[in-house]
Amino acid sequence: MPRVWFVCEGCGREAPAVELYGCPACGGELALRYDYAALRRSGAFAARWQESGGLWRRFGSLLPQEDEARIVSLEEGSTPLLRSDRLAARLGVKALHFKLESCNPTGSFKDRQISVAMSKARELGRDRFGTASSGNVGVALSAYAARADARAYVWVSSSVAAAKRQQIQVYGARLFLTPENTPENMAANSAFYTGMQAFCLARGMVPMVTARSVNPYAIEGAKTVAYEVVASLGRVPDRYFAPVGGGGLFGSSWKGFRELVQLGLAERVPVMEGTQMLKGHVPVDHLEDPTYDSPTFYRPLDGRWAWQAMQATGGRLRMADPRAIRAAQADLARQEGIFAEPQGITAYAGLLRAWREGALRPDEVVVCVITGIGLKDMAAAAELCADPAHPQPHPVHSLAESAPFLQP
């Protein structure tokens, strides 16, 4: 029996873990499976998963790589799980922890996905990579391609934060700017994502859009967030708040928790609570609603998987509008010193809404994932600082002039 293989989510057919991006029988999505029984008997995963070090050292036995010499890594993973006693008291829960994926090498959880997908591609002899991105995938791909002496081609909207576009350029990737993210351009920009797989394969490139339907290896990296949460806590959290952007982090986290159960390292899966940006997105609980058939809405590529995870665990989907995102960003920065970009704070906006709804219980241990660092979008930071409610700078010419503004 092989160590790892593909199973089609559509027809159930099995296939070897080679360079496949869809089921050879029906074209359906492929998911990786492992010989969990053998891993449980050998103890190979259990021996290292709670140790220190990057994700390859800790979790390599439950990742698809066979040739360790071809691993491309910047020591991603092992990000902090920060306990917040002050916010736990305010929200009325037993314990609250923030998983700071913003502390990965390029500032987001996407490093995990790109490391796994690129390592497997290098093992298969590939060295050219392409992706359409809202920013963070493009940044991660560019950095890891530089590390591997490979070539990266990245398509992002000209509306993407300047800091992300500059990161991509700094790493030396070839950058293509697509139209601004306006309603009239939504269909054209969505086509870059949906067409990237075929475009890349026709040109001998590896498609690196981090959705299971595009590259089933990429999402394996994100499941390691779940491993680390349980290893750091010493238990499974009661509730796990994560964002639903494309849906891949949410679905793969669910997979990670379930794999720990299969290995006898956890007794259950947490209630998985999703938060999705309201503006311009198809809610993952309304994917079949004809109201959202318009091309002016972005359809999350792994949205169905994310919604399945919520349904299976008793979780809920909450939507967050721009005002809620901005309020959450300011609140977490001021309360805990955690500076997240707007896309990285979505889960916390959902957590605050759950609190206002009275959905949290006083005996619960809660984990909230912060996916991207605030330095990636300084224009958004400038908007926060311009808010009159935010402390404003005081021009002074001496320390004495500062004294009236000092609080006891």
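Just to be sure I understand, how many residues within region 100-127 are closer than 26 Å to residue 245 by Cα and out of contact with any Pro (no Cβ under 8 Å at 6 or more places or on another chain)? Break it down into steps so the answer makes sense when it comes.
As a first pass, look at region 100-127 and keep what is closer than 26 Å to residue 245 by Cα: 100-121.
Now drop any that are not out of contact with any Pro (no Cβ under 8 Å at 6 or more places or on another chain), which leaves 101-102, 104-110, 112-115, 117-119, 121.
Count: 17.
Looking at (1) assigned to a helix (DSSP H, G or I); (2) out of contact with any Phe, Trp or Tyr (no Cβ under 6 Å at 6 or more places or on another chain); (3) surrounded by fewer than 24 Cβ atoms within 10 Å (Cβ to Cβ), which is the one condition that is false for residue 125?
Only one criterion in (1) assigned to a helix (DSSP H, G or I); (2) out of contact with any Phe, Trp or Tyr (no Cβ under 6 Å at 6 or more places or on another chain); (3) surrounded by fewer than 24 Cβ atoms within 10 Å (Cβ to Cβ) is unmet by residue 125, namely (1).
With the requirement that a residue be in contact (Cβ under 8 Å) with a residue 40 or more places away in the chain, under 17 Å from residue 96 (Cα atoms) and assigned to a loop (DSSP other than H, G, I, E, B), what does region 356-377 give you? Break it down into steps so the answer makes sense when it comes.
Of region 356-377, the ones in contact (Cβ under 8 Å) with a residue 40 or more places away in the chain are 359-377.
Remaining after also requiring under 17 Å from residue 96 (Cα atoms): 359-371.
Once the filter is applied, which keeps residues that are in contact (Cβ under 8 Å) with a residue 40 or more places away in the chain, under 17 Å from residue 96 (Cα atoms) and assigned to a loop (DSSP other than H, G, I, E, B), region 356-377 yields 359, 360, 361, 362, 363, 364, 371.
Regarding region 302-322, can at least one residue be identified that is in contact with a Ser or Thr (Cβ under 9 Å, 6 or more places away or on another chain), assigned to a loop (DSSP other than H, G, I, E, B), buried (at least 18 other Cβ atoms within 10 Å of the Cβ) and assigned by TED's automatic domain parsing to the domain that holds residue 228? Spell out the reasoning first.
At the first step, the residues of region 302-322 found to be in contact with a Ser or Thr (Cβ under 9 Å, 6 or more places away or on another chain) are 302, 305, 309, 317-320.
When the remaining residues are screened for being assigned to a loop (DSSP other than H, G, I, E, B), the result is 302.
This time we only want the ones that are buried (at least 18 other Cβ atoms within 10 Å of the Cβ), so: 302.
Still in the list and also assigned by TED's automatic domain parsing to the domain that holds residue 228: 302.
Within region 302-322, one or more residues are in contact with a Ser or Thr (Cβ under 9 Å, 6 or more places away or on another chain), assigned to a loop (DSSP other than H, G, I, E, B), buried (at least 18 other Cβ atoms within 10 Å of the Cβ) and assigned by TED's automatic domain parsing to the domain that holds residue 228.
For region 378-402, give me each residue that is in a helix (DSSP H, G or I) and either at pLDDT below 85 or closer than 14 Å to residue 334 by Cβ (or both). Lay out the reasoning, then the answer.
First, the residues of region 378-402 that are in a helix (DSSP H, G or I): 378-386, 399-402.
Once the filter is applied, which keeps residues that are in a helix (DSSP H, G or I) and either at pLDDT below 85 or closer than 14 Å to residue 334 by Cβ (or both), region 378-402 yields 381, 384, 385.
Collect the residues in region 362-377 that are in contact with a strand residue (DSSP E or B) (Cβ under 9 Å, 6 or more places away or on another chain), among the charged types (D, E, K, R) and at pLDDT 95 or above, keeping them in residue-number order.
Within region 362-377, 364 is the sole residue that qualifies.
So which residues in region 1-49 are within 22 Å of residue 261 (Cα to Cα), of a type in the set (Asp, Glu) and out of contact with any Gly (no Cβ under 6 Å at 6 or more places or on another chain), if there are any at all?
35
What about residue 245, is it crowded, with 23+ Cβ neighbours inside 10 Å, in contact with a strand residue (DSSP E or B) (Cβ under 8 Å, 6 or more places away or on another chain), at pLDDT below 95 and not in a helix (DSSP H, G or I)? Spell out the reasoning first.
On the way: crowded, with 23+ Cβ neighbours inside 10 Å: yes; in contact with a strand residue (DSSP E or B) (Cβ under 8 Å, 6 or more places away or on another chain): yes; at pLDDT below 95: yes; not in a helix (DSSP H, G or I): yes.
Judged against the criteria, residue 245 is a match.
Okay, residues lined up against (1) modelled with pLDDT of 95 or more; (2) under 16 Å from the mean Cα position of the chain (by Cα); (3) farther than 25 Å from residue 127 by Cβ; (4) not acidic (Asp, Glu):
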| site | (1), (2), (3), (4) |
| --- | --- |
| 189 | no, no, yes, yes |
| 200 | yes, no, no, yes |
| 208 | yes, yes, no, yes |
| 215 | yes, yes, no, yes |
| 234 | yes, no, yes, yes |
| 254 | yes, yes, yes, yes |
| 264 | yes, no, yes, yes |
| 282 | no, no, yes, yes |
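If you take the residues of region 330-346 that are in a helix (DSSP H, G or I), of a type outside the set (Gly, Ala, Ser) and touching a strand residue (DSSP E or B) at 6+ places or on another chain (Cβ under 6 Å), which of them is surrounded by the most Cβ atoms within 10 Å (Cβ to Cβ)? I'd like the intermediate steps shown before the answer.
Of the residues in region 330-346, the ones in a helix (DSSP H, G or I) are 330-336, 342-344, 346.
Next, only the ones that are of a type outside the set (Gly, Ala, Ser) stay: 331-332, 334-336, 342-343, 346.
Subsequent filtering for residues that are touching a strand residue (DSSP E or B) at 6+ places or on another chain (Cβ under 6 Å) retains 343, 346.
On the way: 343: 20, 346: 31.
Across region 330-346, the extreme among qualifying residues is 346.
Within region 32-55, which residues are more than 20 Å from residue 233 (Cα to Cα) and part of a loop (DSSP other than H, G, I, E, B)? Lay out the reasoning, then the answer.
Taking region 32-55 and keeping what is more than 20 Å from residue 233 (Cα to Cα), we get 32-44.
35, 43, 44, listed by residue number.
Is it true that residue 60 is surrounded by fewer than 20 Cβ atoms within 10 Å (Cβ to Cβ), farther than 23 Å from residue 370 by Cα and under 20 Å from the mean Cα position of the chain (by Cα)? Write out each step before concluding.
Working: surrounded by fewer than 20 Cβ atoms within 10 Å (Cβ to Cβ): yes; farther than 23 Å from residue 370 by Cα: yes; under 20 Å from the mean Cα position of the chain (by Cα): yes.
Criteria met by residue 60.
The values are calculated or read from the model by the stated rules, or taken from the named source; none is laboratory data. As the structure is a computational prediction, the values presented were derived from the model and not from experiment. Glycine gets a Cβ as well: all are built from the backbone with ideal geometry, and neighbour counts include every protein chain shown.
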